[in-house]
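The next block holds one structure in the form of structure tokens; read it before the comments.
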Amino acid sequence: MQFAWSAAPSVVAVAIPDLPLEEPVLVFTLALAIFLVGPLLVRRLGQPGIIGIVLFGALLGPGGTGLVAHSDAIVLLGEVGLIYLLFTVGLELDLRQFAEDPGSAALFGLVSFGLPFVVGTAVVVVLLDLSLLAGLLLAAVFASHTLLAYPIVNQYDITGNRAVTAVFGGILFTDTLALFVLALVRSAAETGLTAGVVVGKVLALVALLAGVWVVVPPIARRFFQNFSEESYFEFLFVAVVFFGAASVATLLDIAPILGAFVAGLALNRLIPEGGTLLSRIEFAGNAFFVPFFLLHVGMLVDATVIFRGRRTLEVAAVIVVVMVALKWLAAWFVARVKGYTADERDVMFGLSIGQAAAALAITLIGYDVGLFDAAILNAVVLMLLVTAVASPWMTKRAGQRLALADDVEPGDDAPADPRILLPVSHAADRQRHLLELALLFKDERERPIHTLTVVRPDRSGDPDRAVDEAYDDLEELTAVGSEAEVLVDPEIRVDHNPASGIVRGALEVQADLLLLGWDAQRSLGQRLFGSVIDQVLERTTDPVVVARLGHPVNTTDRLFVVLPEGIDHHEGFFESVALLKRLADRLGAPLTVLAVGGSAHQYERLFGLVEPELDAEFRDLNSWRALHSILGDEATADDLVSVISSRPGSVGWHDELRELPYRLASLPPESFVLFHPREDDPEYDRQFLRFK
């Protein structure tokens, strides 16, 4: 594009660019405007935001008004966005839900994919006159599913229902099988469908899965342990991993998106929900990469095809009817086998007919390799519009009935989002790790995390300068919280006694939980941790969590929970259990409960009364020596040990707890969290029970 100036210096004439637009700056600006306006407009109509970007791409692209050229840059960014999208699909799958009931998840996943795939292939080949390869790939498109209606089941608090859990776990099978079919068909389209092609693709898939699962997790764990303070390095490392996996898949001659998907599964547990790294990944994907993929797809859509004949409408009608009928039949079959109710069956059906990410990804590659024509591409976009309405509507109807039929669930009256106070000291160990731990304790994120520094005027020399320096230190943590989309509110207190400043700050911000870091150093006259922490424990009845984190909490491999004898009679026991289970749930780490001098069977029953529902191993230990022996033999450097420890003199206190923090500091994990429950408020504690 060229600009022309007139002879008069005060008048500027701007040349009108030629159409379609190809100037990089103009195209990029228009694309960002579409990413902003498109989702906002369609959400007002009750549709998913991705539809808006696709429709705008179709409107402005070559098949619409022709305003914007479908340039090589958009194609490149679209392919990058496709890989990014499938990585996030693998990253956000709930592997814990699958692990809790793998049988139900496998049954639903295999039936929900297999029935539409097998029957659907035969139907589309016959009715739409497609080749076998095109029929297989089109059936794989609607045999998979995307959880468009997840916000609805979350709103009705039925995510823990057995049928909903089966759907969540089943998507691991449906998406993996759909992507494998894509890899197989794509290769067969180039060389022909032979036994050698099938065996070769199976071996390539096994090599990809084995290589990524064996190589990526230990390398990622080591990287996060050593470089967690440099946030952009974390993001770049993750990007290198999943694009590297996509490249390996390309070298193995299978779809690169399958490599990205497997990389997401491999990193799933190391990037927990609620952390800053996941927020960065989601932000970059939702704001930039994935929208370019959707824009790319939209520009491939040719709306005029719909009006030039009935082919697009016929294809759309066939795949929608076949998908809906067979998905309902699959839900009915699984419900019949597992003994689910009619409402549970209908919720499964509503969740499984949603289509978005995987369907678009497979369709685009099928179009690129020549198996799909423009009519099929347009038909799949129409299918997305239909399922975007049908899936939430059906799930909402059945989900509401299911929620009303269920008993009161745990935590209905309990605060789900604690107001946390995090005192910060230059002497405390790894403040960023403590903030990451605080983020995992939060749920709805309605309340801020309060960071606090106590300035001692007798030691600071210049109090004003000390306060300014303290605010500068706290701003670093505020930035970390902003990346995780959690408000971090810095607080400064000037007090000769740090413990008094902490307790006073907790009262002023009405904190529900105090999180203190500990450096494992002994001090003169201390009773438990040191003078400051001991004084805080004495002066507040709020729950206090004391943590020493030797590694980033997201790299935790297993969570040990130590329960002293009699701690179940403490008035803050259930609140501490709720926090511990939330931590294990967010980390996706296996839970091993060690009951010292107590009954493991009794603790297993009590843990079952508190949400969330988690599988855990419960063991009886007859002595503290046995505890030290087990932790010394079984705990590794990547494990996290947690203890529910009452304050000295309270119910559940034992003298062995006085030396336990120092013993834990000498063990291989070097990371532990001690929960000191709330005192003198049993009514508050009972709010965390499932049945009251």
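Only the coordinates and a few stated rules stand behind these numbers; no lab work does. It should be emphasised that the depicted structure is a prediction, and the values quoted were computed from it without experimental measurement. FYI the Cβ positions are ideal-geometry reconstructions off the backbone, even for glycines, and counts take in every protein chain you see.
Residue exposure proxy: R44, R586, R558, R222, ordered by other Cβ atoms within 10 angstrom of their Cβ from fewest to most, comes out as R44, R222, R558, R586.
With +1 on the Cβ of every Lys and Arg and -1 on the Cβ of every Asp and Glu, and nothing else charged, how large is the dipole of the stretch 550-692 about its Cα centre, in debye rounded to the nearest 20? Before the final figure, lay out the partial values.
Values: 14 positive and 25 negative charges, 19 e Å.
Dipole of the stretch 550-692, to the nearest 20 debye: 100 debye.
Working note: Karplus 6.51/-1.76/1.60 with θ = phi - 60° gives the stretch 256-262 the couplings x, 5, 5, x, 5, 4, 5 Hz, where Gly and Pro are set to x.
Across the stretch 125-134, computed HN-Hα scalar couplings (Karplus, 6.51 cos²θ - 1.76 cosθ + 1.60, θ = phi - 60°) run 5, 6, 6, 9, 6, 9, 5, 4, 5, 5 Hz from first to last residue, x flagging Gly and Pro. Given R0 = 60 Å, the distance between the Cβ atoms of Q510 and V118 translates into a calculated FRET efficiency of 0.55.
Here the spin labels are modelled as points 7 Å beyond Cα on the Cα-Cβ line, and at L313 and R619 they lie 6.8 nm apart.
Nearest 0.05, what FRET efficiency do L609 and L45 give at R0 = 41 Å with Cβ-Cβ as r?
Working: r = 43 Å, r/R0 = 1.06.
Working from the Cβ atoms, E equals 0.40.
Here the stretch 550-692 yields Rg over Rh of 0.93, to two decimals, using C-alpha coordinates and the Kirkwood radius. Which of rounded, prolate or oblate describes the stretch 254-379 when judged by the alpha-carbon gyration tensor and an a/c cut-off of 1.5? The shape class here is oblate.
Determine the distance separating the Cα centre of the stretch 230-300 from the Cα centre of the stretch 616-683; give it in Å without decimals. Using only Cα atoms, the two centres lie 38 Å from each other.
On full extension, the segment bounded by S500 and W393 gains 33.1 nm, given 0.36 nm per residue less the C-alpha separation. Among 314-320, 536-542, the peptide with the highest mean count of other Cβ atoms within 10 Å heads the list, and the full ranking is 314-320, 536-542.
Among the listed pairs K338/K442; K338/K581; K201/K581; K327/K442; K201/K338, which are separated by more than 30 Å between their Cα atoms? From K338/K442; K338/K581; K201/K581; K327/K442; K201/K338, over 30 Å: K338/K442; K201/K581; K327/K442; K201/K338.
Sorting 203-210, 485-492, 182-189 by their mean Cβ neighbour count within 10 Å, with the most densely packed peptide first, gives 182-189, 485-492, 203-210. Each label point was placed 7 Å from the Cα along the Cα-to-Cβ direction; for L251 and T341 their separation is 5.3 nm.
Once fully extended, how much extra length lies between E485 and A106, figured as 0.36 nm per residue of separation less the alpha-carbon to alpha-carbon distance?
Values: separation 379, 0.36 × 379 = 136.44 nm, distance 3.46 nm.
Full-extension gain reported as 133.0 nm.
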